[in-house]
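The values are calculated or read from the model by the stated rules, or taken from the named source; none is laboratory data. Predicted model, so just to flag it, every value in this text is computed and none were measured. Counting neighbours? That spans all protein chains shown, and the Cβs are built from the backbone with ideal geometry, glycine included. Just the protein is used for accessible areas: all its heavy atoms, side chains included, with ligands, DNA and RNA removed. Shrake-Rupley method; radii C 1.70, N 1.55, O 1.52, S 1.80 Å.
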Amino acid sequence: MAFECPNRNGVSQNLAEFVANPDIDTVEPNQLSSKSFTEGVATKNLFPDSRPGKGVKLKGASKISSKKGIKAPGSALNQSSIPGDVVLNCGLSITDLPSALISEILSCLDPKDLGIVSCVSTIFQRVASEHHAWKHFYCQWWGLPTASLPVDDDKSWKEIFVEREFRSKTFMGRYSMEVLYGHTEAVRTVFLLASAKLIFTSGYDSVVRMWDMENGLSIASSRPLGCTIRAVAADRKLLVAGGTDGFILCWRAVEGLPHLFELRASQNHQNTEVRLWGHEGPITSLALDLTRIYSGSWDTTVRVWDRDSMKCTAVLRHSDWVWALVPHDTSVASTSGSDVYIWDTSSGALMTIVSNAHVGNTYALARSHTGDFLFTGGENGAIHMYEIVNDGYECEAWHVCTWVPHSAAVYSLAFEFPWLVSASSDGKLALIDVRKLLKTSKRALGKRVSKVKHLSGGIAEPPQRMLHGFKSNLFSVDIGADRIVCGGEEGVIRIWNFTEALEIERRARKLRGIRLENRMRRRKLQTELSNKSGRSDQCSVAAKKNSVTCIWPNKRGMSGKLKA
């Protein structure tokens, strides 16, 4: 940056007029001694160009502080010639800013940049490690911690975030496969309740089964419900199952029961089982939130139920069969035919629609914890990613990218940041890492800003991993707690357990930490030795300059003299 002054004379006066701040004083050129120019303040940077027709051009603009005037070394100024109102640059840095302002600046960074900032200095390490953004990052990616992932009160949110990020990388490591037997026909739906370490499954045999996630044992099973069960959903207070006869069977959690639900209601727990009627066709999808139950059916409707009263509060009508749904906050996304709908559950209004998302039916749907990203799987074997952008006035679904990992229909999707898992009728599971598509999330006031990198071609890189093991027709998949659970036409449930990879990665990380510590220790010793050798070299040079010529007699000469 260069300043142009109209007059060749009076440099300091023109600079003062340019800055237009009475509190900023400058150093006059005649106040600089000849010695100053040899110590960092060059004459050509302070005095105007003497060529005709040229104004005053200061090339050393970086030496002009917005508050302190011209920055020059202390020895470059004669203290006797400096006026009393001239203030020298005191070397202020970003750490001198108010802590609230520093916190606001750090809140604009993503996790990687915030971690880098914490390594700059001890001040930044303290501020960045205790920053509230780590909790925001964690909740944005995974939601609040569950019982399956215990959180130590002594740990900071940064440590909790780093540990969970570390766990998410284990899906690329070694795994062990467990096979659960119990169903007599094909398994249509699986649900993993990671907070209670339970797995719920059902299918064509019309029996809902509950399994222990840790040891794979069957805990309980319901009586035959008389029809195919195509959808199951649960939390720690309620379990729901939907059948092809159009009913929803609900089990309330029993207090004090280790496995939460009594699937075969006894005389003591008869009031824990409730059956809801309202749909006129088979129920294909179910979901829960804190206050509502969501159900989708082939009768082309999505119904919203109140969990306390168990009554239907809203009916959302579509143009075709409803295959899947996923709620978030006050909105619910659903698939009908080949289209994707997004509804406002509080008013029942249609917010936006994605027409012809797939060639054929759109069978599968998944959504991120924040509700910003929507994933669809269709009959053509493709998977689409959409970004939902809502500025309060208009809601839009922007297409981000497409994967084509399967050669047949995608029947089920599950998402746990950063992994998207798909199950297809070709007998394969695809693991897709979406981290590379995300970009730094920065705040925008009243603006619709994309949080992902929209690919120009629309086709993303292939999935990071493909899992095999089934013959064909995988109907349902779920992910959580270092496990992937899947059910299909074979009538068995397969569990890919990645806890072994987690332990291996922990040992590897500990070894990397030891090697890094040893490397830093060796580097410190080398630095100390180099400093000592540098001092010895300086002493030897000084000794050579001030050396006194003298002849020291050796032992042989001394002994000869003594003999003489």
> Using alpha carbon centroids, what distance separates segment 267-309 and segment 358-387, in Å?
Replying inline: 23
> Measuring from a point 7 Å past the Cα of LYS169 along Cα-to-C-beta, which residues in segment 458-488 have an amide N at less than 17 Å?
Replying inline: 464-465, 482
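Give me the net charge for the shell around HIS131: Cβ to Cβ below 11 angstrom, other residues only, Lys and Arg +1, Asp and Glu -1. List each step's numbers first, then the result.
Numbers: positive: ARG126, LYS135, LYS158; negative: GLU104, GLU130.
Summing Lys and Arg as +1 and Asp and Glu as -1 gives +1.
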> With each pseudo-label sitting 7 Å past Cα toward Cβ, what's the THR370-SER346 distance in nm, one decimal?
Replying inline: 2.0
>> Tell me the accessible surface of ARG230 in square angstrom (1.4 angstrom probe, heavy atoms of protein chains only), to the nearest ten.
In response: 50
> Of all the accessible heavy-atom surface of segment 386-428, with the other protein chains kept in place and a 1.4 Å probe, what percent is carbon and sulfur?
Replying inline: 43
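Let's test the formula: R0 of 30 Å, r as the Cβ-Cβ distance of ILE123 and VAL389. What FRET efficiency results, to the nearest 0.05?
Efficiency for this residue pair is about 0.20.
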>> Using a 1.4 Å probe on the protein heavy atoms, what percent of the accessible area of segment 254-340 belongs to carbon and sulfur?
In response: 46
> Relative to the Cα centre, what is the charge dipole magnitude of segment 328-430, using +1 at the beta carbon of each Lys and Arg, -1 at the beta carbon of each Asp and Glu, and rounding to the nearest 20 debye?
Replying inline: 380
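Distances over 14 Å make up what percent of all Cα-Cα pairs in segment 341-385?
56
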> What pairs in LYS112/LYS158; LYS158/LYS197; LYS158/LYS237; LYS112/LYS135; LYS169/LYS436 have C-alpha atoms more than 20 Å from each other?
Replying inline: LYS158/LYS197; LYS158/LYS237
> Largest first, how would HIS328, HIS468, HIS406 line up by accessible area (1.4 Å probe)?
Replying inline: HIS468, HIS328, HIS406
> Roughly how big is segment 279-374's charge dipole about its Cα centre, with Cβ charges of +1 (Lys, Arg) and -1 (Asp, Glu), in debye to the nearest 20?
Replying inline: 100
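With r defined as the distance between the Cβ atoms of VAL274 and ARG236 and R0 fixed at 25 Å, what FRET efficiency is calculated, to the nearest 0.05? Walk me through the numbers on the way to the answer.
On the way: r = 17 Å, r/R0 = 0.69.
It comes to 0.90.
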>> Given axes a ≥ b ≥ c from the Cα gyration tensor, I'd like to know whether segment 278-408 is rounded (a/c under 1.5), prolate (a/b larger than b/c) or oblate.
In response: oblate
> When only DSSP loop residues count, what chymotrypsin sites (Phe, Trp or Tyr not before Pro) in segment 372-420 have their Cβ near at most 12 other Cβ atoms within 10 Å?
Replying inline: TYR393
> Looking at segment 310-375, which trypsin sites (Lys or Arg not before Pro) are in a loop (DSSP not H, G, I, E or B) and have at most 15 other Cβ atoms within 10 Å?
Replying inline: LYS311
